[in-house]
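The values are calculated or read from the model by the stated rules, or taken from the named source; none is laboratory data. For clarity, every value in this text was computed on a predicted model and none was experimentally measured. When we count neighbours, we look across all protein chains shown, and the Cβ atoms used for this are built from the backbone with ideal geometry, even at glycine. When the accessible area is computed, the model is the full protein with side chains, heavy atoms only, and any ligands, DNA or RNA have been set aside. Shrake-Rupley method; radii C 1.70, N 1.55, O 1.52, S 1.80 Å.
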Amino acid sequence: MRIISLLASATEIVAALGLEDHLVGRSHECDFPPSVLRLPVCTSPKFDVAGSSADIDRRVKESLQADTSVYSVDGRLLDELRPDVIVTQAQCKVCAVSLRDVESVVAGMRSRPKIVSLNPNSLADIWDDMCAVAAGCAVPNRGEKLVTGLQRRMADVAERAKRLPRPTVACIEWIDPLMAAGNWVPELVELGGGVNLFGEAGKHSPWMTWGDLVRRDPDVIVVMPCGFDLALRKTELPSLARRPEWESLKAVRMGRVWAADGNAYFNRPGPRLVEALEMLAEVLHSDAFRFGHTSMERVV
């Protein structure tokens with residue numbers, strides 16, 4: 001079987017199912033496990049992804065307003081790779097290549113690969129998507145086994161956390177303009193022993209204002225901008241500290257502001273969401289959890 005994954009989380013799912021050797025192509029964002037970097041890259045962004053979060057936000061909005069796709073798919077390369085299965089997504093036009101773009105390319109291919117389209121908005125959807133990838137690749141039992149193992153690990157964290165005090169938490173998914181984390185992140189906060197203040201489980205991430213943040217005044221702030229790794233995020237964090245409201249926030253005064261590698265963990269609906277939950281539990285209840293993860297750092 002020949003598999004192309006056009007979604008970073010799907011590549012991780014395929015690998016977790018024991019099918020990495022069947023991957024023949026990937027998206028430009030697929031970077032884990034590191035061994036997949038050897039694969040041909042089948043997609044690319046249509047705009048410069050360098051710059052501040054405000055710069056990127058402007059370029060993305062300009063593309064969407066012009067009703068053009070944010071990413072390109074190399075149809076000729078897909079055809080040359082002769083995939084039996086292509087895994088893509090229908091959840092977010094900004095996060096990865098859209099289902100419409102993939103269907104358009106496949107219509108012109110000599111072969112007719114099966115398209116497995118994922119649409120994760122909640123943890124339940126993510127489990128379903130893992131099973132869908134497994135079924136699409138003819139290993140359904142592996143999907144069930146993978147999901148059961150991940151759910152068990154999350155349940156273990158939640159069971160330990162439910163007896164602990166519950167601090168209020170603001171998860172920031174974009175810095176300029178401010179956006180709260182939605183979809184599965186509110187569920188992770190609750191499972192990790194916190195009270196999520198912004199964003200609703202199962203719904204897209206909402207915009208927020210500094211006034212909102214000041215009024216709710218969270219005990220803990222976790223900064224996890226989508227698409228940014230921990231190193232790049234550090235260049236963005238000073239813009240938060242320059243805000244006049246920053247020093248008045250309880251989380252800042254108490255030294256409970258954290259930066260997370262959202263790109264690899266929190267914003268990527270794949271197997272490593274378990275590690276994301278463990279990181280949250282560790283920063284919310286440092287006296288009760290010691291997982292030793294290094295992809296989350298205290299900011300203040």
GNM on the chain, Cα springs under 10 Å; top mean-square fluctuation among T88, T11, T168 goes to T168
With a 1.4 Å probe and all protein chains kept in place, how much accessible area does S239 have, in Å² rounded to the nearest 10? 40 Å²
Restricting the count to DSSP beta bridges whose residues both fall in the stretch 74-202, what percent are antiparallel, rounded to a multiple of 5? 20 percent
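Could you do me a favour and compute the accessible area per residue for the stretch 109-238, 1.4 Å probe, result in Å²? Walk me through the numbers before you get to the answer.
Details: 5760 Å² over 130 residues.
I get 44 Å² per residue for this part.
In the chain, carbon and sulfur make up what percent of the accessible area (probe 1.4 Å)? Mind showing how you got there, number by number?
Numbers: 6750 of 13170 Å².
The value for the chain is 51 percent carbon and sulfur by accessible area.
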Among all helices in the chain defined by DSSP H, which have a length of 27 Å or more along the axis from Cα atoms plus a Kyte-Doolittle mean of at least -1.0? 140-161
Dipole magnitude of the chain, debye to nearest 20 (Cβ charges: Lys/Arg +1, Asp/Glu -1, about Cα centre): 180 debye
Springs between alpha-carbon atoms under 10 Å, Gaussian network over the chain: tell me which of A241, A16, A135 tops the mean-square fluctuations. A241
Over the chain: helical MRE at 222 nm, DSSP H runs n ≥ 4 each giving -39500 (n - 2.57), nearest 500: -11500 deg cm²/dmol
Can you give the % of DSSP beta bridges in the chain that are antiparallel, to the nearest 5? 30 percent
Separation between the R166 and V195 pseudo-spin-labels, each 7 Å from Cα along Cα→Cβ, expressed in nm? 0.8 nm
Rounded to the nearest 0.05, FRET efficiency between S286 and E247 (Cβ-Cβ, R0 35 Å) equals 0.90
